[in-house]
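One structure is given below, encoded as structure tokens.
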Amino acid sequence: MNKTYEVKSVPIPKFSKPVDLAEGKRLYQSRGCGDCHDIDGSGRTFIEDPALGRFSGSNLTSGKGGILTERTDEELAIAIRHGVGKNGRALLFMPSTDFQGITNEDVGKLIAFLRSLPVVNKPQGDLKAGPLGRFLFLIGEIPVFVSAEIINHEAIHLTNITPSISLEYGKYVASTCTGCHGFSLKGGPIQGAPPEWPPAQDISKNGLTHYSEASFIQTIRTGKRPDGSEMKFPMPWKSLGQLTDTELKALWKYLQTI
């Protein structure tokens, strides 16, 4: 947890047009950033368990206690895609495995949105691993605990990707799902989750046999499955519901190949 990483910085494009800031906001909301950093970017405690630990997302505004004024766009991109902080140390419980493939253009729009957020004065919450959290990390059950350890820091990031109903774009969107559903997307216990959280469902082709493309999209949009049952926490359907039709159709197409 105290290991340091050296990550080469790459130029991040700058955005300021309202349409680009709106897209950055949609990315922030649809990719679940608010689950840890709150809707206003000020940070929130997302795990509070004596055994697992207490973890809070950073204040991503330029207010007192926030990190924004102390980070360049390039440093923020490294934090998002590599799980590495300004001092080279790993960011605990930063799910960068979900975002390691995000393009330069998308991460630039996301960062531009963060810089447009209203100031919120709020100190950093606790980041403390409990005894069970440390043990589970040690035996490899919570790799996202230090995501920097399993990310290829030499990978070349795409400049951009054109939204389309294609396998390539579907795989790009599906990376958002790996934090809970696993790298294989076949579900199982969620990494680092409290014991009361249900396991993530299998969203491979075999796990989606009761869905059509239309019912899959309808479920994500409404939180209700084809049988009428409701998707419950921690499934972030309200966030994922902000994915575009193209993103959802591409995601469905990709999941059908797994």
Worksheet entry | For segment 59-159, alpha-carbon Rg over 2.2 N^0.38 Å | 1.15
Practice prompt. Report, in whole Å, the centroid distance computed from the Cα atoms of segment 185-258 and segment 51-83.
Written response: 28
Discussion item. Let me see the P(r) profile for the chain: every Cα-Cα distance counted, bins of 5 Å, each bin given as a percent of all pairs.
Written reply: 1, 6, 12, 18, 20, 18, 14, 9, 3, 0
Item to complete: Evaluate the Kirkwood expression for the hydrodynamic radius of segment 22-78, namely the inverse of the mean inverse distance over all pairs of different C-alpha atoms, and round to one decimal in Å.
Response: 12.3
Practice prompt. Evaluate the charge dipole of segment 1-81 about its Cα centre and quote only its size in Debye, nearest 20, assuming +1 on the Cβ of each Lys and Arg and -1 on the Cβ of each Asp and Glu.
Written response: 140
Discussion item. Under 26 Å between alpha carbons, and skipping anything fewer than 8 positions from Lys8 in its own chain: which lysines qualify?
Written reply: Lys86, Lys109, Lys171
Worksheet item: Where the only charges are on Cβ atoms (+1 Lys, Arg; -1 Asp, Glu), what is the dipole of segment 218-258 about its Cα centre, to the nearest 20 debye?
Response: 40
Worksheet item: To the nearest 500 deg cm²/dmol, what mean residue ellipticity at 222 nm is calculated for the chain from DSSP H runs of n ≥ 4 alone, each contributing -39,500 (n - 2.57), summed and divided by the residues?
Response: -9000 deg cm²/dmol
Response to the item:
For segment 165-258, using Cα atoms only, the Rg and Dmax in Å read 12.5, 37
Worksheet entry | Whole-number accessible area per residue in Å² for segment 79-192, which is evaluated in the context of all protein chains at 1.4 Å | 48
Worksheet, complete the sentence: Once amide hydrogens are built 1.01 Å from N within the peptide plane, the residues lying 5 or more places from Lys224 or on another chain with amide H under 5 Å from its amide H are Met231
Worksheet entry | Volume per residue that the Cα convex hull of segment 1-113 spans, once the total is divided by residue count, Å³ | 109
Worksheet item: When only C-alpha pairs under 8 Å and at least 6 residues apart count, what is the relative contact order of segment 121-258, in percent?
Response: 26
Worksheet, complete the sentence: A correct Karplus calculation of ³J(HN,Hα) over segment 31-44, with 6.51 cos²θ - 1.76 cosθ + 1.60, θ = phi - 60°, whole Hz and x for Gly and Pro, returns 8, x, 4, x, 4, 10, 9, 6, 5, 9, x, 7, x, 8
Item to complete: Taking every Cα atom in segment 119-197, find the radius of gyration and the maximum pairwise distance Dmax, and write them in Å.
Response: 16.6, 45
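The values are calculated or read from the model by the stated rules, or taken from the named source; none is laboratory data. Remember, predicted model here, so these are calculated numbers, not experimental data. Glycine also receives a Cβ, built like all others from the backbone with ideal geometry; neighbour counts cover every protein chain displayed. Ligands, DNA and RNA are stripped out before the accessible areas are found, and what is left, the full protein with its side chains, is counted by its heavy atoms. Shrake-Rupley method; radii C 1.70, N 1.55, O 1.52, S 1.80 Å.
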